[in-house]
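Read through the structure below, which is laid out as structure tokens, and then see the notes.
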Amino acid sequence: MREERFADAGRGIRLCYAEAGDPAGEPLLLIMGLGQQLVAWPAGFVELLEQRGYRVIMFDNRDTGRSTHADYPPPSLGRILAGRIPAHAYHLGDLARDTAGLLDALDIPSAHLVGVSMGGMIAQTVAAHFPHRVRTLTSIMSTTGARFVGRPRLSTWRLMAAPPPRSRDEAVDRSVRLFRHIGSHGFPFDEPALRARAGAAWDRDHSAAGVGRQLAAIFASGDRTRELRQIRVPTLVVHGDRDRMVHPSGGRMTHRTIAGSRLVVIPGLGHDCPAGVWPTLADLIAGHARMEAGDVAA
């Protein structure tokens with residue numbers, strides 16, 4: 001286990017984070033998706049980024065893991081889908097400010113941002129509102145919030161609507177069912193590794209309310225197309241062609257919306273990070289950062 005620390009991100013938000021790699025390397029901030037904690041990043045994938053010389057930083061978004069949790073009840077899935085979200089609920093802009101606040105706390109002027117799913121949405125929002133904090137943006141299996149693109153399959157919604165787990169065993173079994181469905185059918189499924197990560201997540205935090213509040217934040221932010229058109233930082237968009245959580249149309253729309261971005265579609269990849277894709281993904285991220293370094297420095 002990597003040492004976990006805490007940082008004051010401002011506005012009463014305390015984020016739990018961990019670091020890996022060369023402390024003097026270029027900072028690379030990994031932003032996880034809906035309901036997922038920093039332990040969801042596969043250790044082998046993080047090690048590949050370390051080997052490429054980066055200072056890798058992972059953290060729990062608010063309402064997950066050991067970071068600050070909100071104290072208001074989440075709206076039901078039905079209310080979220082109907083757009084009936086309380087005015088006091090936070091949104092992606094707040095999560096983006098948390099991310100910038102973490103960089104402040106770590107005294108990092110700018111970093112390479114890599115976000116998956118909701119984490120991609122957060123990274124996009126940081127790039128739109130705080131471009132000076134972003135050296136490069138890599139948006140993975142994410143979308144723009146535009147209607148009719150990047151939506152989960154109905155079968156995925158059914159799995160997400162299941163009652164929250166009441167025990168560690170239930171949580172692990174549910175994670176296996178979900179990722180067997182949304183995961184990469186073109187790559188081997190490593191059930192023991194998934195069970196280990198799911199168990200570690202339960203041990204750190206098993207509050208289910210945060211997932212609902214984060215999902216509400218996504219829907220409260222609506223269609224972000226106009227916002228994303230403002231992005232001028234070097235952007236790489238990565239998506240799998242087998243994604244049942246965020247339909248591949250979300251990646252295509254992200255690419256079309258962000259001027260000058262590059263789209264890479266990985267055959268067989270779903271909504272996870274299987275071992276078979278780690279080298280490809282690490283090479284894409286590192287290559288993007290290296291290729292754009294001259295432009296960023298200028």
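The values are calculated or read from the model by the stated rules, or taken from the named source; none is laboratory data. Everything numeric in this text was worked out from a predicted model, so none of it was measured. No Cβ is skipped: glycine too gets one built from the backbone with ideal geometry, and neighbour counts run over all protein chains shown.
The residues listed here are Arg2, Arg62, Arg66; of these, the one that is at pLDDT below 95, basic (Lys, Arg) and not in a helix (DSSP H, G or I) is Arg2. Being hydrophobic (A, V, I, L, M, F, W, C), part of a loop (DSSP other than H, G, I, E, B), more than 20 Å from Pro23 (Cβ to Cβ) and in contact (Cβ under 8 Å) with a residue 40 or more places away in the chain is true for just one of Ile85, Ile122. Which residue is that? Exactly one of Ile85, Ile122 is hydrophobic (A, V, I, L, M, F, W, C), part of a loop (DSSP other than H, G, I, E, B), more than 20 Å from Pro23 (Cβ to Cβ) and in contact (Cβ under 8 Å) with a residue 40 or more places away in the chain, namely Ile85. Of the set (1) touching an Asp or Glu at 6+ places or on another chain (Cβ under 9 Å); (2) in a helix (DSSP H, G or I); (3) buried (at least 22 other Cβ atoms within 10 Å of the Cβ), all apply to Thr254 but (1).
When Arg290, Arg213, Arg232, Arg226 are screened for being crowded, with 16+ Cβ neighbours inside 10 Å and either of a type in the set (D, E, K, R) or more than 30 Å from Ala82 (Cβ to Cβ) (or both), only Arg213 passes. Residues that are β-branched (Val, Ile, Thr), surrounded by fewer than 24 Cβ atoms within 10 Å (Cβ to Cβ) and in a strand (DSSP E or B) within region 38-59 comprise just one, Ile57. Contact map, region 238-249: residues that are buried (at least 21 other Cβ atoms within 10 Å of the Cβ) paired with residues that are assigned to a strand (DSSP E or B), Cβ distance under 6 Å, separation 6+ or inter-chain. Pairs shown: Val238/Ile140; Val238/Val264; His239/Val265; Gly240/Ile266. All of Thr144, Thr125 fail the test of being under 14 Å from the mean Cα position of the chain (by Cα), within 19 Å of Leu15 (Cα to Cα) and either among the polar types (S, T, N, Q) or surrounded by fewer than 20 Cβ atoms within 10 Å (Cβ to Cβ) (or both), apart from Thr125. Within the option set Arg135, Arg84, being of a type in the set (Lys, Arg) and more than 20 Å from the chain's Cα centre (by Cα) holds for one residue only, Arg84. Exactly one residue out of Ser167, Ser207 is more than 22 Å from Gly240 (Cβ to Cβ) and over 20 Å from the mean Cα position of the chain (by Cα): that is Ser167. Contact annotation: residue pairs with Cβ atoms under 8 Å, 6 or more positions apart or on different chains, pairing a residue in region 171-192 that is under 17 Å from Ala161 (Cβ atoms) with a partner that is in a helix (DSSP H, G or I) and β-branched (Val, Ile, Thr), are His181/Thr156; Ile182/Thr156.
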